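Worksheet: one structure, shown below.
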Amino acid sequence: MRIAAEKTDLVESLTIANKAVSSRSSIQVLSGILLEAKTEGITLTATDMEISIRTPLRGRVEETGAVVLPARIVTDIAKNLASREVVIEQRMGENQMEVRSGESFFMLHSLSPADFPQLPVFPLDEGFSVEKSAFLETVDRVASSASRDETRPVLTGVLAHVTQNTVKMVATDSYRLSVMETPIEATVADKVQAIIPARSLTELSRIGAAGPADVIIIVPTENQVLFEVGGVWLISRLIDGQFPNYRQLLPESFDYEVTVDKTEFLEVVRRVGLLAQKNAPLRLRFSDNTLTVSAESQDVGKARESIPVRYEGDDLEIGFNPEFLEAGAAAVAGPTVHLKFISPLRPGLIKGEEDDFLYLIMPIRLSD
Amino acid sequence: MSGAGTGRPKAAYRAIAHLDLDAFYASVEENLDPSLREKPVIVGGGERGVVSTANYIARRYGVHSAMPMRTARRLCPQAVVLPGNHRLYAVYSRRFKAILEEYSPLVEKVSIDEAYIDLTGTEGLFGPVTRTCRAIQRRVRDELDLGISVGLATNKLVAKVASDFQKPAGFTVVRPGEEAAFLAPLPVEHLPGVGPSLLAQLRDRGVVTVGDLARIPENLLRLSFGEVGEVLARRARGEDPRQVTPRELMKSISRETTFDEDTTDTALLESTLLHLTEDVCRRLRRQKLEARTVTVKIRYSDFVTHTRSHTLRRPLDVDEAFFKEVLQLFRTARERRYRIRLLGVGLSNLVPRSWQDDLFDQQLPLLRDLDLKLDAIREKYGRNAIRRGAAEKE
């Protein structure tokens, strides 16, 4: 097996494949990237058994074959090479491989391609396509609300629902919940719904953001899904289970409504939030056409800042985790943010004007 | 927190010392620069602009801690004012604690310059407790070059008052049975817990000394001050059941109750469990903690004892969240038809409360609100003033 590639192309493809390299697997071969050189082209494949990625590598196949590259060291080498062209070669019957570039020469232990897991086979002709920009924007604004707590697997996923003209995604870690529905052009026959690990969608978004492709091809099966964008495949397992009925969490009406300037509000939340450390809440006090944001951390200090707002009615004081509040306001499109509340003990709602995005957030009880 | 199982020695009387470093920050500064010993020294200033510590020379001019710096300088313009070296003070404080830990595993550091030590049962190792306290005082003087005042008594309350009795370099021993007599002549504000507002109310009732307070019948104090009144009555008599608890040992909160007569009455057993649960949850909230694990303990009439635990998905501090778990644990753990002698409920896996509530359990914040209101009523009118219909009164 021998291939030649430009350094920049190699680094780019390795970076994509590395997102699926297992960092702590006990299976040694999963710490590698499978390089396959065939007459039709070169591909790099990596998998951590949850996500698999296959990406093309632009280059010249001089001798067909396959090798498993030790992912981390090859990536580090590629990034540090001085010359433009890189040759990777493994001679028949050897378990060592060479990386050559200009005057540099590396001899590395490689792993056996026979041990590398096979990717599942997908019925590619049963897939459908969606507009890339609308799909990934929905991912970017929703997925960060998913849970990282593996003890509740369903909440580590994003509930995605695609019809011919909309995509809707829902994610929650049980402290906040994001819902967004976006108009989209999709060639789906009827409608498709699945719970996709948030991490898979986030990686898809990073891969997709870089390339020029306009569409993503999606091939769902019963327990896995394949995404293809710009020639890169991302295969993810699906999460089995019942996504919580989020509709019943959304209150029917709210008693308090305030509109704030998004940039100004975010800046104040970030500044004052510096003093909300170690689980301390950020306090929002609405009174007399003024919103006062304050925070206090034991042994550190306190902060306060006021913004004029249009607010009449009874005073309201409500506390939130500053990161959750910031994430919700930041995910709103457009220049203004609507905040809606019922009471300091009931969930609050954050939404924008320009699109169909909702962020529901549970308060932190204040201690006096 | 029950004492059982923590390996505390059984003795007729406890031997508890309170140790208080004299003018701690100022003394450390004097060690750094011995020429300061002849001068008034004030450590403080900083952001809040108050005195942290003054040495005894400065105190003669009326300077005391927590006084605004400006007042202190006016009272004692010639004082040497130092900003303080808190990292160094922490080093001294750790060495102080290390000395104490050579004499007992039960050392409770209350602040940077004071600690309790439980010396019960150490006589076999170190000789009479009084001598051990003298040895500690000497070692702190020799090894750290710091003055220290020691109070030795049968409980924390009296030990604390005793250490303050002859400061600096004081050494006061209150023998078992002499607690009330020792406290009686002291002004009532020397009792820990008697702050300015309580003091004013006591003065209105003609109470000047601790002895005056001790003569008031306990039920009258309870009528006037609720649960605080009960505590006050006990303290006036020099009684204090609190244990010396090393901070890291605060790992669980539990309560148990032994029935007057062993019983199989399920309604009585379950309502007792609810009452115990209410009680541990209330103490949990008072400590500003949340718990993840709940344990039920059953002791049968033949003393066979079973415990069973359940761990929640996330820590909570709401009665209602634990009721269901406790009853379920009890029903699965009760495998024998024997009569039951004792029931206990414990909370563990404790973390500082966050009060970040959950969208999927929107009832919880409302139930906690109820709990906190009930807590406030009990704080004022006593533990049994109000309870849930199903929870059995003791």
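Can you tell me how many residues in the stretch A:228-262 are among the polar types (S, T, N, Q) and more than 13 Å from every other protein chain (Cβ to nearest Cβ)? The number of residues fulfilling the criteria is 3.
Taking the stretch B:171-224 and the helices (runs of 4 or more DSSP H) fully enclosed by it, the elements with 3 or more residues that are touching a residue at least 24 places away in the same chain (Cβ under 8 Å) and within 19 Å of B:N155 (Cβ to Cβ) are at B:179-183, B:210-214.
Looking at A:I350, A:I307, A:I318, just one residue is more than 12 Å from chain B (Cβ to nearest Cβ), touching a strand residue (DSSP E or B) at 6+ places or on another chain (Cβ under 9 Å) and either part of a loop (DSSP other than H, G, I, E, B) or in contact (Cβ under 8 Å) with a residue 40 or more places away in the chain (or both), and that residue is A:I307. Looking only at residues in the stretch A:276-290 that are in a strand (DSSP E or B) and away from chain B (no Cβ under 14 Å), which one is farthest from B:R353 (Cα to Cα)? Step by step, filter the stretch A:276-290, then rank; the result is A:T290.
Among the residues of the stretch A:1-40, the ones that are buried (at least 19 other Cβ atoms within 10 Å of the Cβ), of a type in the set (A, V, I, L, M, F, W, C) and assigned to a strand (DSSP E or B) come to 6 in all. Here A:M49 passes the criteria (1) buried (at least 20 other Cβ atoms within 10 Å of the Cβ); (2) closer than 28 Å to A:S205 by Cβ except the one numbered (1). As a summary of the residue check, B:Q201 satisfies the conditions (1) out of contact with any strand residue (DSSP E or B) (no Cβ under 8 Å at 6 or more places or on another chain); (2) crowded, with 18+ Cβ neighbours inside 10 Å except for the one numbered (2). Scan the stretch A:288-306 and tell me whether some residue there is more than 14 Å from A:F265 (Cα to Cα), surrounded by fewer than 18 Cβ atoms within 10 Å (Cβ to Cβ) and among the basic types (K, R). Yes, some residue in the stretch A:288-306 is more than 14 Å from A:F265 (Cα to Cα), surrounded by fewer than 18 Cβ atoms within 10 Å (Cβ to Cβ) and among the basic types (K, R).
Would you check if B:Q356 is within 14 Å of another protein chain (Cβ to nearest Cβ), farther than 28 Å from A:S147 by Cβ and of a type in the set (S, T, N, Q)? Taking the combined requirement at face value, the residue does not satisfy it.
A single member of B:L312, B:L327, B:L268 is surrounded by fewer than 18 Cβ atoms within 10 Å (Cβ to Cβ), part of a strand (DSSP E or B) and among the aliphatic types (A, V, I, L, M), and it is B:L312. Restricting to the stretch B:31-56, name every residue that is in contact with a strand residue (DSSP E or B) (Cβ under 7 Å, 6 or more places away or on another chain) and assigned to a helix (DSSP H, G or I). Within the stretch B:31-56, just B:L36 meets the criteria. Residue count for the stretch B:145-166, restricted to those that are within 15 Å of B:V210 (Cβ to Cβ) and free of Cβ contacts under 8 Å to residues at least 40 places away in the same chain: 2. Once the stretch A:353-368 is narrowed to residues that are surrounded by fewer than 18 Cβ atoms within 10 Å (Cβ to Cβ) and touching a residue at least 60 places away in the same chain (Cβ under 8 Å), the residue that is nearest to the other protein chains (Cβ to nearest Cβ) is A:L366. Of the set (1) at pLDDT below 95; (2) part of a strand (DSSP E or B); (3) among the hydrophobic types (A, V, I, L, M, F, W, C), all apply to A:M49 but (2).
The strands (runs of 3 or more DSSP E) located wholly in the stretch B:75-143 that include 3 or more residues which are buried (at least 21 other Cβ atoms within 10 Å of the Cβ) and not aromatic (F, W, Y) occupy B:114-118.
Residue check: A:V272 meets all listed conditions (1) crowded, with 20+ Cβ neighbours inside 10 Å; (2) within 14 Å of chain B (Cβ to nearest Cβ) but one, namely (2). Pull up the stretch A:83-92, narrow it to residues that are assigned to a loop (DSSP other than H, G, I, E, B) and either more than 33 Å from the chain's Cα centre (by Cα) or outside the structural domain of A:G102 (by TED's automatic domain parsing) (or both), then point me to the one that is surrounded by the fewest Cβ atoms within 10 Å (Cβ to Cβ). Filtering first and then ranking leaves A:M92. On inspection, B:R292 passes the criterion of being within 14 Å of chain A (Cβ to nearest Cβ), in contact with a strand residue (DSSP E or B) (Cβ under 9 Å, 6 or more places away or on another chain) and under 30 Å from A:Q298 (Cα atoms). Where strands (runs of 3 or more DSSP E) fall wholly inside the stretch A:117-211, no range has 2 or more residues that are in contact with a Cys (Cβ under 9 Å, 6 or more places away or on another chain) and away from chain B (no Cβ under 14 Å).
The values are calculated or read from the model by the stated rules, or taken from the named source; none is laboratory data. This structure is a prediction, so every number in the text was calculated from the model and none was measured. Positions of Cβ are backbone-derived with ideal geometry, glycine not excepted, and every protein chain shown enters the neighbour counts.
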